[in-house]
Amino acid sequence: MTTNQPSQPGREPGRPTASRSAARTVRSWRGLPAAQQPDWPDPAALAATTAELSALPPLVFAGECDLLRRRLAAVARGEAFVLQGGDCAETFDAVSAEQIRDKLQTMLQMSAVLAYGAALPVVSIGRIAGQYAKPRSEPVETRDGVTLPTYRGDAVNGLDFTARSRTPDPDRLKRMYQSSAATLNLLRSFTAGGFADVSQVHEWNREFVADSPAGRRYEELAAEIDAALRFMRACGADPATMRFDEFFTSHEALLLDYESALTRVDSRTGKLYDLSGHMVWIGERTRQLDGAHIEFAARVANPVGVKLGPDATADTALALIDRLDPNREPGRLMFITRMGADKIRDVLPELVAKVAVSGAQVVWSCDPMHGNTFKSGGYKTRRLDHIVDEVKGFFEVHRALGTHPGGIHIELTGGHVTECLGGAHEVTDGDLHLKYESACDPRLNRNQSLDLAFLVAEMFRGA
Ligand SMILES: O=C[C@H](O)[C@H](O)COP(=O)(O)O
Ligand SMILES: C=C(OP(=O)(O)O)C(=O)O
């Protein structure tokens, strides 16, 4: 990660170097239908908050977004793999050194295993430092005859079921900015400060292999990585100087008032960037071609993702490419498919085939979480077997078409939560209540995440 360089707030036409046309451009989504926006009770308070946010420093530097775009271009060409992962919904209370470290450590461990299995560089992108807003299926929730607004993420309202907590409060957007800044600061310190040299990360993986039933299945792969590190040392390379020091951030660009307040004109190029994170994505519920979210994403130069569920058609994918990647720039657009294990083999082939014929070089990534959610004993959950099966289907489709299975997009955490079922260190239905901490959807715990990484590494080797 590199340091920030001042850019100009796109929302402030009065500022000397921010052009009026750029300011108009960043507002072009206003007036279009914007799905999943909170009912802010006091529009004046919202306007005051976004004005304040517009004047604050950006959270990332546009040059870092360009670097990520170049890394993703390598993925689009089949020369790298992307791991995107983190909480379903970050919460303000979880902004602690320990939790941030554990999430980063899990991602780095997964990246190391995947890099070895794929024999490709892995681009690591956290769902972190900004993933505070959630689209929901229902606008309201009813308990014991009382109906209140649904929880939409800490950026909007509180999880407690009281009228006060559930009322959208724009002050929370400032906390989102502060929490994102604190998280980013620590991530930058960890990655720049040597937390993650290659042999340290492998040592953590060896502990996982040695200490858990989940891990023992992967002794052979871990021993091969050991041998590779010994070989590198024998050749004079020092694995302690080789670091996983590039870690990017991403979140769903859901709350357009916040995202456009953090959108700035890059002083180097004059282009607009959403500097709330390196990459943003547009969700399954907000990707309408004539809607505000796609209009916003079309105006910023960051790498952008779009979720594609089982109802997405090839025509929709092609229209999204025209809107979001008119110059056919590899690394600009990532399609994140979330079809469900039972549908991916039927639905994905036509999409991938038609996009390939169009000549667009998008990144294809597989989110095996969102199409595989169900309820057990009142808890939203997912089964690791279904998650693995969807990734397998993703690989099969790409192998059959000769295209690159570019990456995976996972909801995970570094702790030992009991939110998803299965894994070699099995979580059963009866365990769900033990440590179910997600504010929204179920995440893989650390062991299940590493389990998945080793299984995906094996999928590469089975090629
Ligand atoms: O993370 C994705 C969505 O926000 C989530 O699946 C919606 O959950 P809901 O169907 O409980 O609203
Ligand atoms: C809401 C999400 O996913 P989707 O848009 O695919 O439902 C998410 O990834 O948090």
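Nothing in this text is a laboratory measurement; each read-out follows from the coordinates by a stated rule. Nothing here was measured: the structure is a model prediction, and the numbers come from that model. Every residue, glycine among them, receives a Cβ derived from its backbone with ideal geometry; neighbour counts consider all protein chains shown.
Plugging the Kirkwood radius over Cα pairs into Stokes-Einstein for segment 152-220, at a temperature of 37 °C and a viscosity of 0.692 mPa s, what D comes out in µm²/s?
On the way: Rh = 15.6 Å.
Answer from the Stokes-Einstein relation: 210 µm²/s.
Suppose every K and R has +1 on its Cβ and every D and E has -1 on its Cβ; what is the size of the dipole of segment 121-228 about the Cα centre, in Debye to the nearest 20?
On the way: 14 positive and 15 negative charges, 153 e Å.
The dipole magnitude comes to about 740 debye.
Taking only the C-alpha atoms, wrap a convex hull around segment 229-279 and report its volume per residue in Å³ as a whole number. Provide the component values of the computation, followed by the final result.
Numbers: hull volume 6.3 nm³, N = 51.
For segment 229-279, the hull spanned by Cα atoms encloses 124 Å³ per residue.
Treating only the Cβ of Lys, Arg, Asp and Glu as charged (+1, +1, -1, -1), what charge dipole size does the chain show about its Cα centre? Round to the nearest 20 debye.
Values: 53 positive and 60 negative charges, 263 e Å.
Using only the charged Cβ atoms, the result is roughly 1260 debye.
Placing +1 on the Cβ of each Lys and Arg and -1 on the Cβ of each Asp and Glu in the chain, which of Tyr273, Ser376, Leu173 has its Cα farthest towards the positive end of the resulting dipole?
Tyr273
In Å, what Rg and Dmax follow from the Cα atoms of segment 102-207?
Final numbers for Rg and Dmax: 19.1, 56 Å.
If you take the charge dipole of the chain about its Cα centre, with +1 on Lys and Arg Cβ and -1 on Asp and Glu Cβ, which of Phe92, Ser199, Leu56 is farthest toward its positive end?
Among Phe92, Ser199, Leu56, the one farthest towards the positive end of the dipole of the chain is Leu56.
Give the Rg/Rh ratio for the chain, taking Rg as the radius of gyration of the Cα atoms and Rh as the Kirkwood radius, to two decimals.
Values: Rg = 21.4 Å, Rh = 22.5 Å.
Ratio of gyration radius to Kirkwood radius: 0.95.
About the Cα centre of segment 305-385, how large is the charge dipole given +1 on each Lys and Arg Cβ and -1 on each Asp and Glu Cβ? Please answer in debye to the nearest 20.
Numbers: 12 positive and 10 negative charges, 72 e Å.
Roughly 340 debye for segment 305-385.
Report relative contact order for the chain in percent, whole number only (criteria: Cα-Cα under 8 Å, sequence separation at least 6).
Working: 943 pairs, mean separation 100.7, N = 463.
Once normalised by length, the contact order is 22 percent.
Normalised by the number of residues in segment 254-347, what is the relative contact order in percent for Cα pairs under 8 Å and 6+ residues apart?
Values: 123 pairs, mean separation 22.6, N = 94.
Averaging sequence separation for qualifying contacts and normalising by length gives 24 percent for segment 254-347.
Antiparallel DSSP bridges in the chain: what percent, to the nearest 5? Don't jump to the answer; show the numbers that get you there.
Values: 14 of 47 bridges.
Percentage antiparallel, nearest 5: 30.
Just the Cα atoms of segment 68-154: what Rg and Dmax do they give in Å?
Looking at segment 68-154, its Cα Rg and Dmax stand at 17.7, 56 Å.
Where a Cα-Cα gap under 26 Å defines reach, which lysines qualify for Lys271, not counting those fewer than 8 residues away within the same chain?
Result set, ordered by chain and number: Lys174, Lys307.
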